[in-house]
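Notes follow once the structure below has been shown.
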Amino acid sequence: MSSDDAMHLRGASGAQRVELIYDGQPVTVRAGESVAAALFANGIRRLRMSPRGHGPRGMFCLMGSCQECLVMVNGRRALACQTPVRAQLCVDTIDLAEHPGRHE
Ligand code: FES
């Protein structure tokens, strides 16, 4: 199993490929896997910028606990690791220095 295959959900192999828009750029991913895994498999590691230090943050726990993977999905805050890929998704990184909230 390649490291790329390890990032895909069981049963997602051979799944339909769809296009999502990430920070304005099209990315081809497998439908059904999480947004976090789909972006990671495409070499995208940065999902948001931290409010302190303005550093890049990426997925960590992959189970919805740490909230490191907070992104905007179709204009709403969402956890990338808990959001399944489907057609017509528009995903944007969040700069929490510009949009503070309860997530740090
Ligand atoms: S990676 Fe921890 S909540 Fe998504």
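Please go through region 15-50 and pick out each residue that is within 15 Å of the ligand (Cβ to nearest atom), closer than 14 Å to Asp92 by Cβ and free of Cβ contacts under 8 Å to residues at least 40 places away in the same chain.
Ile44, the sole residue that qualifies.
Looking only at region 60-81, which residues are in a loop (DSSP other than H, G, I, E, B) and under 8 Å from the mean Cα position of the chain (by Cα)?
Across region 60-81, the qualifying residue is only Cys69.
Could you list, in sequence order, all residues of region 51-88 that are open to solvent by less than 70 Å² (accessible area, probe 1.4 Å), in contact with a helix residue (DSSP H, G or I) (Cβ under 7 Å, 6 or more places away or on another chain) and either within 8 Å of the ligand (Cβ to nearest atom) or touching a residue at least 60 places away in the same chain (Cβ under 8 Å) (or both)?
The answer is Met59, Gly64, Cys69, Ala80, Cys81, Val85.
The values are calculated or read from the model by the stated rules, or taken from the named source; none is laboratory data. Keep in mind the model is a prediction, meaning the values are calculated, not measured. Don't worry about glycine lacking a Cβ; one is built from the backbone with ideal geometry, like all the others, and counts go over all protein chains shown. Ligands, DNA and RNA are stripped out before the accessible areas are found, and what is left, the full protein with its side chains, is counted by its heavy atoms. Shrake-Rupley method; radii C 1.70, N 1.55, O 1.52, S 1.80 Å.
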